[in-house]
Structures are given as C-alpha cells and as structure tokens.
Amino acid sequence: MFTPPDPYWLRPMARHDLPEVREIDRLSFPTPARAGMFEHELEQNNIAHYLVLGRMGGDNGRLNPIIGFTGFWLIADEIHVSTIATHPQWRGRGLGELLLLALLFESYEHPATMVTLEVRRSNTVAQRLYRKYQFEEVGTRLRYYRDTGEDALLMTMPSLNARYFQFLENQQAALFQRLRSEA
C-alpha cells in the first residue's frame, strides 16, 4: 500500500471513520452524499475501494482526525474515481494530489488498464490537477450534477503502463519533498 511521508498516514476507510468522512463530504460538495451511501460502499459494494488520510499530531503522537478521503470503483479493467475530498482547512497543501497519487498507485494493484472520472465544469482546480497527471478530457455529461444541473467533464487517463508508473514515481518524489518541507 502507498505510504505517505510523515506526518501523514493513509489507510482503508472503516465504518468508525464515517462521521468524519461525512463531515468532510458535507463541507466539500454542494450536495453531500445521500444518507447511508458510505455504509453501502463499505459493506455491500464489492467493487468499491476507499482510503482515508490523516496527520500525526501533538507531542504524544496521537492521530488527528481524518483530513481527507478518496474512493474508486473497479469496473472490469477500469478504475472509476468516485470521490476525492480534503477538509477545507487542509486545502492548498498538496493533499488532494496525495490522495489522487495514492489512488493511482493502488490502480496497479488491480487488473486495471485505465482510470476515468467526472469533474464539475466549474472545478478548474481539480481539472488542473487531473491534467497534471495526464488525464484528458474525452467528453461531457450534460446536466450530470442534479443539485445544480451543471455539466461534468469526463476525463480519462488511458494507459496504466510501466512508463506511466515511472511518471507517478517522479511525481511522488516531488510531492513528498514538498510535503516534508511544509510539515
């Protein structure tokens, strides 16, 4: 499993994480996930994979609350990113990128050949991150988001090959250096 640099930690999401995950979800999206959605994903959806991100804190090494999470579905040979979110207090520090990177490295643990996602047309910050990781816009889902009627851009990273893995390792080295210098 992908291991972030100290003081951050990453692990599979568990049921006891859900109050914190729901709060981050509520603060991150115009319409939070419906009641029971995360429970269903963890307990009944065998194609779902979720991770939570936290940070070691304090002098006693106690784990701080969860500061972000990500999830994907493995559908045939495709990883479909379902969500990436960081607590608003932790944004702008490279942690969304850390979650995406963890998800992309985890893609190599499954029989996946490509990664897809939808992103709000207005979410230019996320689009920049996805383009940095070589995702390409391949289509539009009209009025995809029911809450606002906003379109979603469909983005794909079509080749989980050895060359892309090397690219991810280079991105990881740069991001880890940044995270260590800001810790």
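Couple of notes before you dig in:
- Label zone at Phe29, where the point sits 7 Å out along the Cα-to-Cβ direction: the stretch 100-118 residues whose backbone N lies under 14 Å: 117-118
- At most 13 other Cβ within 10 Å, DSSP loop - trypsin sites (Lys or Arg not before Pro), the stretch 31-121: Arg34, Arg62
- Overall dimensions of the stretch 1-71, expressed as equivalent-ellipsoid semi-axes from the Cα gyration tensor (√(5λ), whole Å, largest first), are 23, 15, 10.
- Helix-only mean residue ellipticity at 222 nm for the chain, each DSSP H run of n ≥ 4 adding -39500 (n - 2.57), per residue, nearest 500: -10500 deg cm²/dmol
- Simple spin-label estimate for Glu39 and Arg91 gives 2.9 nm between the two label positions (7 Å along the Cα-to-Cβ direction from each Cα).
- Burial ranking of peptide ranges 101-108, 1-8 (average Cβ count within 10 Å, highest at the top): 101-108, 1-8
- Ellipsoid equivalent to the stretch 102-153 - semi-axes via the Cα gyration tensor, in Å: 23, 13, 10
- Maximal additional length on extending the Met56-Gln177 stretch stands at 41.8 nm, based on 0.36 nm per residue less the C-alpha distance.
- Entry note: the chain has Rg to Rh equal to 0.94, where both radii use alpha-carbon atoms and Rh is the Kirkwood radius.
- Förster radius 25 Å - calculated FRET efficiency between Asn46 and Glu136 (Cβ-Cβ, nearest 0.05): 0.30
A short reminder: the numbers here are calculations on the coordinates, not readings from a lab. Computed from a predicted model, the values in this text were never measured in an experiment. Ideal geometry is used to build each Cβ from the backbone, glycine not excepted, and the neighbour counts take in all protein chains shown.
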